[in-house]
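Report on one structure; see the data block that follows.
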């Protein structure tokens, strides 16, 4: 194991055991058996070290997600993804809080990869015509909701003592995003979303043509999604 990897491993152990969720560079150096100047040869400052620790801890979780086979139903994968995300947060509260609940001057890379994996699952749903909005927009909503409820469970356990609130949040959100769970919706927006999802795989168009079609379909998607969410006078009447 390299010195850098040993530093990250020891720092991750100290972080997991910390009552406050903070660690000192002095404690890390003592655990590794190096001096602080030696530590700073690998990490510019404490925030850079903490960002590395976050990525180190998250990599163990993300490596399982990378290796996990896709099921026949992307919605099943989406449910599994939410549940595993919440479980990881509760099992690694300090590393989770550092990524989603603080502003480190050095940004960990784990957040971007977690969002990318989530978007891949949602892209499969969009290709099947089951997603009301674009996969990218849905991924941001799902990530925001999942991280928000996970942080609530971690930081305010007295107010949120039951993990079931995470499942309730998930179900309500998915109900609003999925076409087959909606009682109303715009068929034009759904069709545009579905076409955009498969556009990158269409080989009959040039790069420029795909970009132009993506722009046009994006306008249709946005226009009709907005129209569908705006109640008519008749719908607004009690």
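Data overview
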quantity	calculated
Matching residues in the stretch 35-54 - criterion: being touching a helix residue (DSSP H, G or I) at 6+ places or on another chain (Cβ under 7 Å) and either buried (at least 17 other Cβ atoms within 10 Å of the Cβ) or not in a helix (DSSP H, G or I) (or both)	35, 39, 42, 43, 46, 49, 50, 52, 53, 54
Hey, residue 77 free of Cβ contacts under 8 Å to residues at least 12 places away in the same chain, surrounded by 13 or more Cβ atoms within 10 Å (Cβ to Cβ) and either assigned by TED's automatic domain parsing to the domain that holds residue 144 or within 19 Å of residue 121 (Cβ to Cβ) (or both) or not	no
Failed item, numbered, when residue 89 is tested on (1) within 23 Å of residue 114 (Cβ to Cβ); (2) not assigned by TED's automatic domain parsing to the domain that holds residue 144	(2)
Residue 80 at pLDDT 90 or above, part of a loop (DSSP other than H, G, I, E, B) and either touching a strand residue (DSSP E or B) at 6+ places or on another chain (Cβ under 9 Å) or closer than 21 Å to residue 154 by Cα (or both)	no
Which listed residue, of 15, 78, is over 24 Å from residue 135 (Cβ atoms) and touching a helix residue (DSSP H, G or I) at 6+ places or on another chain (Cβ under 9 Å)	15
Selection count, the stretch 84-119, where residues are in a helix (DSSP H, G or I) and without any contact (Cβ under 8 Å) to a residue 12 or more places away in the chain	4
Condition met for residue 17 (in the same structural domain as residue 128 (by TED's automatic domain parsing) and either within 30 Å of residue 177 (Cα to Cα) or at pLDDT 95 or above (or both))	no
Subset of the stretch 127-158 [crowded, with 19+ Cβ neighbours inside 10 Å, at pLDDT below 95 and under 15 Å from the mean Cα position of the chain (by Cα)]	135
Some residue of the stretch 178-194 being modelled with pLDDT of 90 or more, in the same structural domain as residue 81 (by TED's automatic domain parsing) and in a helix (DSSP H, G or I)	no
Residue match in the stretch 28-49 (condition: outside the structural domain of residue 97 (by TED's automatic domain parsing) and closer than 30 Å to residue 173 by Cβ)	no
Filter result for residue 8 (under 28 Å from residue 90 (Cβ atoms), in contact (Cβ under 8 Å) with a residue 60 or more places away in the chain and assigned to a helix (DSSP H, G or I))	no
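The values are calculated or read from the model by the stated rules, or taken from the named source; none is laboratory data. Quick caveat: nothing in here was measured; it's all calculated off a predicted structure. So basically every Cβ, Gly included, is an ideal-geometry build from the backbone, and we count neighbours across all protein chains shown.
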